[in-house]
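In what follows, a single structure is set out as structure tokens and then discussed.
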Amino acid sequence: MKRIALGNTGMKIHPLVYGTLPLGPLQAGLSPEEGGRLIRHALELGVNMLDTAELYETYPHIRAALDGYQGEVYIVSKTHAPDAKLARSHVERALRELGRERLDIVHLHGARQADPFVERADVLEELLKMKEEGKIAHVGLSAHYISAVRKAVDHPEIEVLHPLINRTGMGIIDGSAEEMAEAIAACSRSGKGIYAMKALAGGNLIADARQSLHYVLGLAGMDGVAVGMLSTAEVEANLALFEGAAPDEATWTTLESKRRKLKIMDRFCKGCGFCVTACTNDALAIVDGVARVDEEQCILCGYCAAACPEFMIRVV
């Protein structure tokens, strides 16, 4: 089974990272037992890193998957907190709900920050304090901005990068896929571990999933790719692809025919606009008193669903 060095962290990961976002209430809404079975299946086949976040609400799914599991596993979480106090509470909640004393990586989740080193300086300082306390092994940065990834080169305290990158550049806020790829390569040369997010643009590139995954996997400096998976067929097909095995055409034809979309139950929308503020890609607007989505801009991340006080939005 493949293992790739994640930069200079000392961690060796399978390049297929299990992205747990789709399992939780922002998207498929699987129970912890259902999601846990899928994660466990992937672990038993060789996946050894799980990507989650405070926003995802998938800690119970991961804990269910790890119940009785004796294999190697790395757990990565993220905090979107705007201040140090909330960031600490996010990390402590993750530790408590996962039943662990330390998280392997915690990212400063700077999706909307062009310069998180200035805009979230106190959060980064707090994460580094928790690293000193032994609660975090490595501090990372997740970003949708090329400028943030470029700046990370000059910050040795950031050991892992989780950048948004796909072959169309969808979701990158300040430039192209080619420019993000150059920034990723520079970070890799500086010794940072790199694993990508949104290789399928949140599902928008599912029709060309294999081509899209191969593009990201082939980028200079890329150590892994986080992929959300909702069935054993997806887990097994992606593992085979990442291992370089011959594809099962029938399975991939089925998987690449699936479509996802953002569903807003506008009948119950109150037009508060919280979802518009939460959207990292300017894909939402209030029109005639209710939220509307621009499907060409939406990367299906589900952050708007987390912001909706009426729970009227979901990726389906």
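The values are calculated or read from the model by the stated rules, or taken from the named source; none is laboratory data. Just so it is clear, the structure is predicted and the values come from calculations on it, not from any experiment. Heads up, the Cβs are rebuilt from the backbone with ideal geometry, glycines too, and the neighbour counts pull from every protein chain shown.
Condition check for THR251 on (1) out of contact with any strand residue (DSSP E or B) (no Cβ under 9 Å at 6 or more places or on another chain); (2) of a type outside the set (A, V, I, L, M, F, W, C); (3) not assigned by TED's automatic domain parsing to the domain that holds HIS14: one failure, at (3). The residues listed here are ALA226, ALA196, ALA181; of these, the one that is more than 22 Å from ALA246 (Cα to Cα), touching a strand residue (DSSP E or B) at 6+ places or on another chain (Cβ under 9 Å) and not in a loop (DSSP other than H, G, I, E, B) is ALA196. Exactly one residue among CYS187, CYS275 is under 26 Å from CYS304 (Cα atoms), surrounded by 22 or more Cβ atoms within 10 Å (Cβ to Cβ), in contact (Cβ under 8 Å) with a residue 24 or more places away in the chain and not polar (S, T, N, Q), and that residue is CYS275. Among the criteria (1) touching a Lys or Arg at 6+ places or on another chain (Cβ under 9 Å); (2) within 27 Å of MET312 (Cβ to Cβ); (3) surrounded by fewer than 20 Cβ atoms within 10 Å (Cβ to Cβ), the one ARG267 does not fulfil is (1). Pairs meeting the criteria (first residue in segment 57-71 and farther than 11 Å from GLY99 by Cβ and not assigned by TED's automatic domain parsing to the domain that holds ALA305, second residue at pLDDT below 95 and surrounded by 18 or more Cβ atoms within 10 Å (Cβ to Cβ), beta carbons under 6 Å, at least 6 apart or on different chains) are GLU57/GLY24; THR58/GLY24.
Does segment 63-78 include one or more residues that are touching a His at 6+ places or on another chain (Cβ under 8 Å), at negative phi and not basic (Lys, Arg)?
Yes.
Residue check: is SER190 touching a Lys or Arg at 6+ places or on another chain (Cβ under 8 Å), of a type in the set (S, T, N, Q) and under 19 Å from HIS162 (Cβ atoms)? Judged against the criteria, SER190 is not a match. When GLY191 is tested against (1) in a loop (DSSP other than H, G, I, E, B); (2) at pLDDT below 95; (3) more than 17 Å from the chain's Cα centre (by Cα), only condition (2) is not met.
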